[in-house]
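Readers should treat all values here as calculations from the given coordinates under stated rules, not as data from a laboratory. All values derive from a computational prediction rather than experimental measurement. Note: ideal-geometry Cβ built from the backbone for every residue, glycine included; neighbour counts use all protein chains shown.
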Amino acid sequence: NATNGELAVTPLVGLGKKNDLNRTITHLMSSTQNKLTICTPYFNLPAVLVRIISRLLREGKQVEIIIGDKTANDFYIPPEEPFKIIGALPYLYEINLRRFVSRLQKFVDSKQLTIRLWKDGDNTYHLKGMWVDSQWQLITGNNLNPRAWGLDLENAVLIHDPNQEMQEQRQHELDCIRTHTKIVSHYRELDSIQTYPIKVKKLIRRLRRIRVDRLISRIL
């Protein structure tokens, strides 16, 4: 029952493509006035969110996306260990990211779009959330991928802090997250398929030939 001028915490739940949580996410992103920060472990954003990000950038807004390095993905298998098909997933996510940054490189160059890769030793990255204009924060288990968007039961807590009562904690949290990140200045800094381990390279090319990679991207 909080007013628009008071600190408020709202629980959310969603299942299926047109649910309240998805609508909240798209509205929250679209309402960005200055800066949007997103954390997601798997870079496979639904097309609607990519369109919103592109529009925000064209409008001159700031967008920061913090993703785990492929070696910090919980599906990553080091090259010296026996290869399993599931081990190709971090590379598919990196391909998505490279394509995304390539298309929006001019905004990276102008410092409007900041891409950060998180890596801290052998630790994995599974952080999810969203911060908008120092007033809104979404704490969620949603991976912001097609599967979470249309298939999974997801939940979240939306925090509205119009008077910035939690600004200090929020800034401290973001500073801690950024500690183990590096900024991607150009899409060529991300590995291309030519540099991938042979078994990964062969599998991805085989998937592309029969276009299964597109199907995979819709469900993962």
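Data overview
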| quantity | calculated |
| --- | --- |
| Close pairs from region 19-39: first among the basic types (Lys, Arg), partner part of a loop (DSSP other than H, G, I, E, B), Cβ under 7 Å, at least 6 apart | Lys35/Lys61; Lys35/Asp133 |
| Residue that is over 19 Å from His126 (Cα atoms), surrounded by 12 or more Cβ atoms within 10 Å (Cβ to Cβ), under 19 Å from the mean Cα position of the chain (by Cα) and in contact (Cβ under 8 Å) with a residue 12 or more places away in the chain, where the choices are Ile67, Ile53, Ile95 | Ile53 |
| Hits in region 187-197 (condition: touching a helix residue (DSSP H, G or I) at 6+ places or on another chain (Cβ under 8 Å) and under 21 Å from Thr37 (Cβ atoms)) | Tyr187, Leu190 |
| Options Arg103, Arg147: the member that is of a type in the set (Lys, Arg), over 21 Å from Ile177 (Cβ atoms) and touching a residue at least 60 places away in the same chain (Cβ under 8 Å) | Arg147 |
| Enumeration of residues in region 73-88 that are within 17 Å of Lys119 (Cβ to Cβ) and more than 14 Å from the chain's Cα centre (by Cα) | Asp74, Phe75, Tyr76, Ile77, Pro78, Pro79 |
| For Gln171: the one exception among (1) in a loop (DSSP other than H, G, I, E, B); (2) without any contact (Cβ under 8 Å) to a residue 60 or more places away in the chain | (1) |
